[in-house]
Amino acid sequence: QKEVEQNSGPLSVPEGAIASLNCTYSDRVSQSFFWYRQYSGKSPELIMSIYSNGDKEDGRFTAQLNKASQYVSLLIRDSQPSDSATYLCAVAGGNEKLTFGTGTRLTIIP
Amino acid sequence: GAVVSQHPSWVICKSGTSVKIECRSLDFQATTMFWYRQFPKQSLMLMATSNEGSKATYEQGVEKDKFLINHASLTLSTLTVTSAHPEDSSFYICSASQADNEQFFGPGTRLTVL
């Protein structure tokens with residue numbers, strides 16, 4: 001069974017600091033990796049996708065992928081209170097279906 | 001990113017009635033759409049994969065006769081919850097797939113069955 005593991009948190013980070021979110025996956029043939037942000041009562045919003053080893057930066061967000069170690073992480077620089085949300089890691093193989101982790105609840109403390 | 005809409009955003013119905021939820025990709029054509037369900041404080045659970053012009057593929061444990069899916073066009077998929085019961089109350093979310101497996105989610109439909 002394909003599994004995606006995340007620390008459920010809550011993770012508390014002071015405003016302006018770097019928030020680090022981690023995710024591990026079990027299926028070695030996974031090809032696509034995503035981070036979604038979900039505010040309470042809302043649907044997930046895609047914030048980052050990454051497909052190859054290394055770092056991918058987009059604004060304050062950096063995704064990191066290490067396929068050998070089967071982990072993917074998300075760094076949020078200069079954390080803002082509006083970043084407080086649940087962050088879902090999702091992994092896809094070759095059939096378009098996403099397997100989601102249970103999410104990490106992030107709280108940015110002003 | 002791509003825009004996906006859902007309608008209605010919330011619905012309250014009596015036990016035993018059927019409810020239809022629409023999912024539309026507004027600015028792109030989606031050959032594949034997905035239907036998820038999310039219970040409070042839990043992650044998303046994939047219910048089925050909807051392919052335009054063919055039958056939906058349901059995940060294990062999801063009753064295809066209870067959750068009817070129709071993907072009539074490249075921009076519209078519908079989910080009908082038939083004979084709804086209180087245990088079907090949940091947050092139903094659709095997504096549409098673009099290139100490289102990226103899925104964009106609709107805003108969700110909150111269903112409450114009395």
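Since every read-out is calculated from the coordinates, none of them should be taken as a lab result. Because the structure is a prediction, the values reported are computed rather than measured. Virtual Cβ from ideal backbone geometry, glycine too; neighbours counted across all protein chains shown.
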- request: Among the residues of segment B:41-55, count how many are at the interface with chain A (Cβ under 10 Å from one of its Cβ atoms), more than 11 Å from B:Ser77 (Cα to Cα) and without any contact (Cβ under 8 Å) to a residue 40 or more places away in the chain.
  value: 5
task: Identify all residues within segment B:76-109 that are touching a Gly at 6+ places or on another chain (Cβ under 9 Å) and either charged (D, E, K, R) or in a strand (DSSP E or B) (or both); write none if there are none.
output: B:Phe91, B:Tyr92, B:Ile93, B:Cys94, B:Ser95, B:Ala96, B:Glu102, B:Phe104
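Within segment B:73-114, take every residue that is farther than 22 Å from A:Leu98 by Cα and among the hydrophobic types (A, V, I, L, M, F, W, C) and give me the one that is surrounded by the fewest Cβ atoms within 10 Å (Cβ to Cβ).
First, pick out the residues of segment B:73-114 that are farther than 22 Å from A:Leu98 by Cα: B:73, B:80-89, B:111-114.
Remaining after also requiring among the hydrophobic types (A, V, I, L, M, F, W, C): B:81, B:84, B:111, B:113-114.
On the way: B:Val81: 24, B:Ala84: 22, B:Leu111: 20, B:Val113: 20, B:Leu114: 10.
Ranking the candidates gives B:Leu114 first.
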- request: Taking A:Ser20 as the residue in question, decide whether it is more than 29 Å from B:Ser9 (Cα to Cα) and not in a strand (DSSP E or B).
  value: no
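If the requirement is being under 12 Å from the mean Cα position of the chain (by Cα), within 22 Å of B:Trp35 (Cα to Cα) and of a type in the set (S, T, N, Q), which of these qualifies: A:Gln6, A:Gln31, A:Gln38? I'd like the intermediate steps shown before the answer.
On the way: A:Gln6 fails: within 22 Å of B:Trp35 (Cα to Cα); A:Gln31 fails: under 12 Å from the mean Cα position of the chain (by Cα).
So the residue among A:Gln6, A:Gln31, A:Gln38 that is under 12 Å from the mean Cα position of the chain (by Cα), within 22 Å of B:Trp35 (Cα to Cα) and of a type in the set (S, T, N, Q) is A:Gln38.
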- prompt: When segment B:1-56 is examined, which residues are found to be touching a Lys or Arg at 6+ places or on another chain (Cβ under 6 Å) and hydrophobic (A, V, I, L, M, F, W, C)?
  reply: B:Trp10, B:Met45, B:Met47
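Within segment A:28-54, take every residue that is out of contact with any strand residue (DSSP E or B) (no Cβ under 6 Å at 6 or more places or on another chain) and of a type outside the set (Lys, Arg) and give me the one that is farthest from the other protein chains (Cβ to nearest Cβ). Working first, answer last.
Let us first name the residues in segment A:28-54 that are out of contact with any strand residue (DSSP E or B) (no Cβ under 6 Å at 6 or more places or on another chain), namely A:28-29, A:31, A:40-42, A:52, A:54.
With of a type outside the set (Lys, Arg) added as a condition, the list becomes A:29, A:31, A:40-41, A:52, A:54.
On the way: A:Val29: 13, A:Gln31: 7, A:Ser40: 10, A:Gly41: 8, A:Ser52: 11, A:Gly54: 16 Å.
The residue in question is A:Gly54.
Please report, ordered by residue number, the strands (runs of 3 or more DSSP E) entirely within segment A:25-100 with at least 3 residues that are under 17 Å from A:Val4 (Cα atoms).
On the way: elements: A:32-38, A:45-50, A:54-58, A:61-66, A:71-76, A:85-92, A:98-100.
Qualifying strands (runs of 3 or more DSSP E): A:32-38, A:45-50, A:61-66, A:71-76, A:85-92, A:98-100.
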- line: Of (1) under 15 Å from the mean Cα position of the chain (by Cα); (2) away from every other protein chain (no Cβ under 14 Å); (3) farther than 19 Å from B:Gly16 by Cα, B:Ile93 fails just (2)
